[in-house]
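Asker: Right, I'll just put the structure down here and ask away after.
The values are calculated or read from the model by the stated rules, or taken from the named source; none is laboratory data. Values in this document were obtained by computation on a predicted structure and should not be read as measured data. Here Cβ is always computed from backbone atoms with ideal geometry, including for glycine, and neighbour counts include all displayed protein chains.
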Amino acid sequence: MNDATAATPDPLAALRAATDAQHELLDRSLPLSKDGATLADYRQHLLMLRAWLGPLNEWLARYSDGAQDGALVSPRDYLSLIDLDLADRAMAGLPPPVLPSAPQPGDTAPWPAGADAAYRWGVCYVVEGSQLGGAVLYKRLSGALAPHPLSYLRGAAQAALSAEPAPGPGPRWKAFVAALRQALLTPDDVRAASLGAVDAFEHLMALRAQ
């Protein structure tokens with residue numbers, strides 16, 4: 001083991017530390033964070049996530065290495081799950097939604113062209129980690145918002161979109177973290193991934209309803 005590898009911090013711990021303040025602020029301000037969240041709040045939550053994931057997915061689709069290597073991280077179509085929930089008939093009759101505020105020029109930098117794999121691992125850390133939070137929200141809201149299936153939060157509706165069974169967020173997260181630790185082997189890798197994770201949070205926070 002060389003000195004650079006020996007000095008590399010644990011990637012997961014480093015990413016958590018880099019984004020801890022952002023994570024706490026975002027959790028407090030999400031549409032579903034308040035007591036008595038409604039189906040309209042869930043729709044607002046989905047619209048915000050869709051506005052975040054749409055451009056992000058288009059950017060990530062340019063790459064085939066790192067977290068975009070299907071042999072390392074199996075693809076998951078989160079946008080289709082969001083659209084499935086938005087189209088559910090339980091949403092019918094709700095008042096018109098408040099669309100997420102579009103980021104203003106200078107609010108967030110565009111996703112960087114030619115971003116290295118380490119930076120993209122950090123971005124995907126935020127995307128995949130959000131699924132664990134979704135599972136917690138599902139447990140809290142599934143009864144109150146029934147009969148809506150909350151497919152995106154549950155993270156188990158992939159079978160409705162594919163013939164292949166999909167693991168829940170827990171097993172998927174463990175597999176993702178194992179791949180991330182194998183990929184981020186130097187302090188420079190961890191720094192780049194931390195920057196990607198911070199930027200992913202900034203892009204999402206810029207879409208919060210004002």
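Asker: For the structure I just gave you, tell me whether ALA7 is modelled with pLDDT under 95, under 15 Å from the mean Cα position of the chain (by Cα) and either under 29 Å from GLY114 (Cβ atoms) or aliphatic (A, V, I, L, M) (or both).
Answerer: In short, no.
Asker: Give me the pairs: first residue in region 78-91 and closer than 14 Å to LEU39 by Cβ, second residue surrounded by fewer than 16 Cβ atoms within 10 Å (Cβ to Cβ), beta-carbon distance under 6 Å, and six or more apart or on different chains, which are they?
Answerer: Correct list of pairs: ALA90/PRO147.
Asker: Is it the case that region 37-60 has a residue that's exposed (fewer than 15 other Cβ atoms within 10 Å of the Cβ), assigned to a loop (DSSP other than H, G, I, E, B) and out of contact with any Lys or Arg (no Cβ under 9 Å at 6 or more places or on another chain)?
Answerer: No.
Asker: I've got another one for you. Out of all the residues in region 155-168, is one or more at pLDDT 85 or above, aliphatic (A, V, I, L, M) and surrounded by 12 or more Cβ atoms within 10 Å (Cβ to Cβ)?
Answerer: The answer is no, given that none of the residues of region 155-168 is at pLDDT 85 or above, aliphatic (A, V, I, L, M) and surrounded by 12 or more Cβ atoms within 10 Å (Cβ to Cβ).
Asker: Looking only at region 169-210, filter to residues that are surrounded by fewer than 18 Cβ atoms within 10 Å (Cβ to Cβ) and basic (Lys, Arg); which one of those is modelled with the lowest pLDDT?
Answerer: ARG208
Asker: Report, by residue number, each residue of region 9-36 that is of a type in the set (A, V, I, L, M) and part of a helix (DSSP H, G or I). Before you say what the answer is, go through the steps one by one.
Answerer: The initial filter retains those residues of region 9-36 that are of a type in the set (A, V, I, L, M), namely 12-15, 17-18, 21, 25-26, 30, 32.
Result: LEU12, ALA13, ALA14, LEU15, ALA17, ALA18, ALA21, LEU25, LEU26.
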